[in-house]
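Notes follow once the structure below has been shown.
Quick note: the coordinates plus some simple rules give every number you see, no bench work behind them. Predicted model only: the values in this text are computed from it and were never measured. As a convention, Cβ positions derive from the backbone with ideal geometry for all residues, glycine included, and neighbour counts pool all protein chains shown.
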Amino acid sequence: MGRIEELPDDFDESLDLNKEPIFTPPAAKEPSFLPSGETPFGIKQDALPREKSTTPAMPPAMESVKSHTADEIIALMNQTPLFMTDVDKALQAEGENVQLDAIRALQNEGTRADNAQRFRENGNEFAKTKQWKDAKECYTKGISTLTMDNNWEEPEDPKVEAQRLREVEEAEQIEADIGVENYRSTTLDCAATLKLNPKNVKAFYRSAAALLALDKVVEADDACMRGLHLDKSNQPLQTLSKKIATRRAELDKIAARKRAEEEHAQKVRLTLSTALRAREITVRETAQPPDMEDAVMKLSPDPLSAESTIVFPCVLLYPMHAQSDFIKEFAETDTIAHHLKYILPLPWDTKGEYTIGSVDCYIETANGGMIKPGKKVSLLAILSGGKVEIVDGLVRINVVPTKMAGKWIAEMKARKNA
């Protein structure tokens with residue numbers, strides 16, 4: 001169904017509505033990132049190909065890119081701060097770069113003290129939100145600003161400028177390492193600050209706090225007391241002084257406990273040594289003792305009584321089958337048979353070669369020989385007399401099937417002679 005529309009008053013009556021409209025494409029526009037008519041790199045007319053006049057012209061921005069080689073474009077981009085990678089390469093043949101000079105002018109805006117103070121304020125803002133790395137970077141840059149050569153603005157009053165620089169240097173020397181747990185550097189920075197101003201209470205506080213963190217309570221207390229001498233009513237120093245006193249008491253308790261433990265251990269070692277000498281048991285330690293965890297040679301039940309029973313860690317070796325068993329506590333009153341009763345039969349002995357009646361036991365002597373103790377003889381009777389040597393507090397007993405004993409002894413003698 002058709003419809004009727006009312007035409008506006010300004011309708012052009014010369015138009016023929018029965019004909020198809022003629023579409024005219026919009027004219028090409030310059031890229032939005034450049035002002036009209038401006039090109040990113042300039043146009044090298046001699047580098048453009050000579051094309052027929054019927055070919056439509058390219059936009060100036062495209063002509064600018066096409067008229068340069070890739071290396072030339074990279075070199076031109078390097079002169080732009082956004083893409084700059086090398087300041088020396090960014091300079092033109094005359095050693096100038098307008099955009100770079102503009103940025104440098106902004107960087108050097110203000111006096112040296114203005115820039116150092118700006119870095120410090122930025123660092124304080126980062127420190128408030130505990131962004132320690134960013135805060136440290138600002139403080140460090142502020143310190144470097146105090147000495148680096150640059151074209152700073154001349155101050156109106158040199159004396160005021162010098163005073164401001166001194167105050168900023170004192171503050172930033174202290175603050176540069178706080179918050180990142182670099183306590184040793186903090187103490188050094190505070191020392192440098194106190195050389196500039198021996199009455200800097202903040203430096204004494206920061207130094208005392210860092211020394212306390214390092215558990216150097218004597219030095220921390222000294223720094224805190226020096227700060228309180230300058231400002232007795234300083235609340236942070238008073239609070240810190242109480243923390244130092246508390247930590248000193250804790251460290252004194254820890255030190256006293258360690259001394260008591262060391263004295264007890266020394267008495268235990270002395271008592272055990274006395275008991276071994278009384279029983280004529282020879283012991284020797286090597287540079288690389290085996291790791292037996294908490295299995296040690298000791299007196300039981302009372303380690304401080306030489307009359308207590310000596311207990312040894314012991315390893316049973318089965319050299320013909322490269323196997324072993326570990327006994328954590330082998331008392332001097334025990335016999336080898338006592339332990340073999342619960343160890344035998346062995347789970348890997350499929351032929352039944354290891355029984356109490358079918359094995360012999362051997363222990364190496366101090367001079368490299370072998371003795372064959374009886375399985376029903378106490379360990380004390382085997383070890384006393386000095387013939388057997390206990391190495392690294394571990395008793396070693398070789399368990400060999402009787403039918404294989406001759407072969408094993410021959411191998412041991414050949415190995416010793418070799």
Review point. When only residues in region 318-359 that are aromatic (Phe, Trp, Tyr), surrounded by 13 or more Cβ atoms within 10 Å (Cβ to Cβ) and out of contact with any His (no Cβ under 8 Å at 6 or more places or on another chain) count, which is nearest to residue 281 (Cα to Cα)?
Key: 318
Practice item. Would you check which residues across region 315-335 are closer than 11 Å to residue 379 by Cα and in a strand (DSSP E or B) and list them? Key: 330, 331, 335
Practice item. Please work out if residue 329 is more than 30 Å from residue 263 (Cβ to Cβ), charged (D, E, K, R) and under 50 Å from the mean Cα position of the chain (by Cα). Key: no
Check your understanding: Is there a residue in region 233-254 that is touching a residue at least 24 places away in the same chain (Cβ under 8 Å), closer than 30 Å to residue 302 by Cα and assigned to a helix (DSSP H, G or I)?
Key -> no
Review point. Say we look at region 212-232 and pick out the residues that are among the acidic types (Asp, Glu) and in contact (Cβ under 8 Å) with a residue 24 or more places away in the chain; which of these is surrounded by the most Cβ atoms within 10 Å (Cβ to Cβ)?
Key: 221
Review point. Does residue 402 satisfy the condition of being farther than 23 Å from residue 281 by Cβ, touching an Asp or Glu at 6+ places or on another chain (Cβ under 6 Å), exposed (fewer than 15 other Cβ atoms within 10 Å of the Cβ) and free of Cβ contacts under 8 Å to residues at least 60 places away in the same chain?
Key: yes
Practice item. Could you look through region 233-250, keep only residues that are surrounded by fewer than 16 Cβ atoms within 10 Å (Cβ to Cβ) and among the hydroxyl-bearing types (Ser, Thr, Tyr), and pick out the one that is nearest to residue 199 (Cα to Cα)? Key: 233
Practice item. Please tell me if residue 397 is in a strand (DSSP E or B) and either closer than 17 Å to residue 280 by Cα or touching a Cys at 6+ places or on another chain (Cβ under 7 Å) (or both). Key: yes
Study note, to complete from the structure: In region 187-211, anything over 14 Å from residue 236 (Cβ atoms) and surrounded by fewer than 21 Cβ atoms within 10 Å (Cβ to Cβ) is listed as 188, 191, 192, 194, 195, 196, 197, 198, 199
**Study point:** Tally of residues being touching a helix residue (DSSP H, G or I) at 6+ places or on another chain (Cβ under 7 Å) and of a type in the set (Lys, Arg) across region 299-329
**Key:** 0
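Residue-wise test of (1) surrounded by 16 or more Cβ atoms within 10 Å (Cβ to Cβ); (2) charged (D, E, K, R); (3) in contact with a strand residue (DSSP E or B) (Cβ under 7 Å, 6 or more places away or on another chain).
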| residue | (1), (2), (3) |
| --- | --- |
| 288 | no, no, no |
| 305 | no, no, yes |
| 311 | yes, no, yes |
| 364 | yes, yes, yes |
